[in-house]
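Worksheet for the structure shown next.
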Amino acid sequence: MTETPLLQVRLGNIAHGGHTVARHEGRVIFVRHGIPGELVSVRLTESAPEAKFWRGDVVQVHEASEHRVPHFWNAADALKHRDPVGGAEFGHISLEHQRTLKAQVAAEQFTRLAGLKAEDYNFPSVQFVEGNEDGLGWRTRMSYSVDGSGRLAMSGFRSNKLTSIDSMPLAHPAIENSGIYGVDYSGIDRVEVAVSSADDQSILVLLAEAVPGAAAKVAKQFPEGVNVASFSQQGGSAADGKGSLQVLAGNPWLSEKVLGEKYRITGEGFWQVHRAAAGLLSERVIDLLEPSKGEQIADLYAGAGLFSLPLAKAVGQAGRVFSIEGAPGTHADAKKNLKAFRQATVIRGRVERVLRQVARDAALDAVVLDPPRAGIDKQVAAELGSSGVSRICYVSCDPASFARDIARLSSRGYELEHVEIHDLYPHTHHMESIGLFVRH
């Protein structure tokens with residue numbers, strides 16, 4: 001096999017997805033592991049002649065940016081490894097400059113896809129999250145593959161090659177110190193690990209079996225006190241309630257605590273990954289939406305009720321909160337978490353269908369949106385426009401889908417009154433945006 005020749009290029013602007021944009025003989029190349037302005041040598045990873053653009057990784061830096069720092073994680077360092085693992089693609093950039101680059105990406109997306117003018121809003125600006133000075137140890141949820149020798153492993157960007165690992169510096173310290181890296185996972189396909197925010201120490205390990213019966217053998221290797229469960233991926237997962245979940249040690253769920261309130265999260269049920277995210281986002285949603293006693297509010301893509309609970313407290317027994325979620329397993333958690341609030345109605349179903357029914361039966365005052373990375377679809381935007389709701393608070397983990405949805409909501413008569421961005425994913429290209437839309 002012929003080795004792909006290296007190309008020397010000057011890196012241009014940052015692009016959404018963690019790339020810089022370079023050009024070589026008229027060809028656009030999306031390059032990872034660089035910083036805008038650097039002169040580098042790039043190894044092409046995708047270079048089909050008919051492709052609209054190529055992809056490549058920086059393998060040598062000839063003129064380094066002043067913002068380049070030594071990578072904190074050897075396994076993810078592209079200058080040391082041909083196939084660096086993913087999950088820390090900005091680890092070679094100073095944290096302050098990471099936020100500058102993220103702000104540039106957000107501004108470009110909001111301007112190009114949403115038609116906004118940067119001067120009309122507070123962007124570009126990405127806010128620092130307290131308690132995260134070095135950007136490490138923030139992940140309370142981790143997902144690992146298992147290599148052929150039964151060790152925890154991760155793969156690189158757009159790569160199937162697994163690299164065994166014995167640490168992940170972005171993971172919560174309790175996960176790193178739980179003993180998971182010393183276990184033989186033979187017969188297991190995937191491993192999910194979570195730590196509780198209620199005590200910062202309770203661990204739940206979920207094992208996806210590749211070989212029937214393997215999980216029971218693996219579970220015996222964990223220290224006493226670690227909760228372990230196995231789940232089948234056939235026909236679904238523990239998160240959507242379609243897979244089978246078998247308890248092997250302790251409980252198949254963790255307790256979470258946010259702003260003094262407890263939540264229960266079962267299996268792979270969705271929960272914010274950054275250790276400070278649940279509290280920060282809850283506070284910001286309530287501050288921006290300003291719910292008042294007696295109001296009727298719909299919480300769409302509500303998950304386990306992270307926002308539904310404080311909203312229910314805010315509207316009081318004279319108001320109503322409709323907590324809407326499609327995944328059966330997560331919906332069951334929401335019912336438990338909101339059981340004490342008679343003003344909260346927990347509904348399972350497709351968001352657009354349930355929203356249509358709720359909007360027909362109740363005079364909604366406000367809506368909270370926290371959709372998956374893909375954002376909302378045209379039908380949800382249409383239902384929101386038809387609902388007549390005057391205030392929408394949108395929580396987004398992807399600036400591109402958020403920008404597209406800004407345009408969709410704007411076409412339905414909504415104006416983006418406020419937007420803010422928080423760095424809840426340090427050392428990665430991801431960011432969290434919160435927008436408040438109003439219709440006068």
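The values are calculated or read from the model by the stated rules, or taken from the named source; none is laboratory data. No experiment lies behind these values; they were computed from the predicted model shown. Don't worry about glycine lacking a Cβ; one is built from the backbone with ideal geometry, like all the others, and counts go over all protein chains shown. When the accessible area is computed, the model is the full protein with side chains, heavy atoms only, and any ligands, DNA or RNA have been set aside. Shrake-Rupley method; radii C 1.70, N 1.55, O 1.52, S 1.80 Å.
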- Task: Check Ile297 against each of (1) touching a strand residue (DSSP E or B) at 6+ places or on another chain (Cβ under 6 Å); (2) more than 20 Å from Arg412 (Cβ to Cβ) and name the one condition it does not meet.
- Result: (2)
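Residues that are polar (S, T, N, Q), outside any helix (DSSP H, G or I), crowded, with 23+ Cβ neighbours inside 10 Å and in contact (Cβ under 8 Å) with a residue 24 or more places away in the chain: does the range 247-269 have at least one?
Restricting attention to the range 247-269, the residues satisfying the condition of being polar (S, T, N, Q) are 251, 255, 266.
Now drop any that are not outside any helix (DSSP H, G or I), which leaves 251, 255, 266.
When the remaining residues are screened for being crowded, with 23+ Cβ neighbours inside 10 Å, the result is none.
No, the range 247-269 has no match at all.
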- Can you pull out the residues in the range 212-232 that are touching a strand residue (DSSP E or B) at 6+ places or on another chain (Cβ under 8 Å), farther than 13 Å from Gly250 by Cα and part of a loop (DSSP other than H, G, I, E, B)? Ser232
- Task: Just give me the residues in the range 159-179 being touching a Leu at 6+ places or on another chain (Cβ under 8 Å) and open to solvent by less than 40 Å² (accessible area, probe 1.4 Å), in sequence order.
- Result: Ile165, Pro169, Leu170
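Please tell me if Phe90 is closer than 17 Å to Gly37 by Cβ and either outside any helix (DSSP H, G or I) or modelled with pLDDT under 95 (or both).
On the way: closer than 17 Å to Gly37 by Cβ: yes; either outside any helix (DSSP H, G or I) or modelled with pLDDT under 95 (or both): yes.
Yes; evaluated as a whole, the condition is true for this residue.
Out of all the residues in the range 167-185, is one or more touching a helix residue (DSSP H, G or I) at 6+ places or on another chain (Cβ under 9 Å), modelled with pLDDT of 95 or more, closer than 17 Å to Leu207 by Cβ and small (Gly, Ala, Ser)? Steps first, answer last, please.
The initial filter retains those residues of the range 167-185 that are touching a helix residue (DSSP H, G or I) at 6+ places or on another chain (Cβ under 9 Å), namely 167-169, 183-185.
Next, from what is left, pick out any that are modelled with pLDDT of 95 or more: 167-169, 183-185.
Retained after the next criterion (residues that are closer than 17 Å to Leu207 by Cβ): 183-185.
Filter once more, so that each one left must be small (Gly, Ala, Ser): none.
There is no residue in the range 167-185 that is touching a helix residue (DSSP H, G or I) at 6+ places or on another chain (Cβ under 9 Å), modelled with pLDDT of 95 or more, closer than 17 Å to Leu207 by Cβ and small (Gly, Ala, Ser).
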- Message: Condition (residue is touching a residue at least 12 places away in the same chain (Cβ under 8 Å), touching a strand residue (DSSP E or B) at 6+ places or on another chain (Cβ under 6 Å), within 20 Å of Ile286 (Cα to Cα) and open to solvent by 20 Å² or more (accessible area, probe 1.4 Å)) applied to the range 301-319: is it met by at least one residue?
- Response: no
- Task: Scan the range 178-193 residue by residue and report those that are closer than 18 Å to Gly148 by Cβ and assigned to a loop (DSSP other than H, G, I, E, B).
- Result: Val183, Asp184, Tyr185, Ser186, Gly187
- Message: Which condition from (1) touching a strand residue (DSSP E or B) at 6+ places or on another chain (Cβ under 9 Å); (2) within 25 Å of Glu268 (Cβ to Cβ) is the one that Asp377 breaks?
- Response: (1)
- Pick from the range 276-300, criterion part of a strand (DSSP E or B) and not charged (D, E, K, R), ranking: surrounded by the fewest Cβ atoms within 10 Å (Cβ to Cβ): Gln296
- Task: State which residue pairs qualify: first residue within 14 Å of Asn74 (Cβ to Cβ) and inside the range 156-174, second residue open to solvent by less than 30 Å² (accessible area, probe 1.4 Å) and of a type in the set (Phe, Trp, Tyr) in any location, beta carbons under 7 Å apart, and separation of 6 or more residues or different chains.
- Result: Pro169/Trp73; Leu170/Trp138
- Message: For the range 180-207: of the residues being open to solvent by 10 Å² or more (accessible area, probe 1.4 Å) and among the hydroxyl-bearing types (Ser, Thr, Tyr), which is farthest from the chain's Cα centre (by Cα)?
- Response: Ser186
- Note on the structure: Condition set of a type in the set (Val, Ile, Thr) and without any contact (Cβ under 8 Å) to a residue 12 or more places away in the chain, scope the range 1-58, selection nearest to Val105 (Cα to Cα): answer is Val21
- Message: Of all residues being not in a strand (DSSP E or B) and not small (Gly, Ala, Ser) in the range 139-158, which is surrounded by the fewest Cβ atoms within 10 Å (Cβ to Cβ)? Just the residue, please.
- Response: Arg158
- Hey, Ser292 hits all of (1) out of contact with any Ser or Thr (no Cβ under 8 Å at 6 or more places or on another chain); (2) of a type outside the set (Lys, Arg); (3) modelled with pLDDT under 95 but one; which does it fall short on? (3)
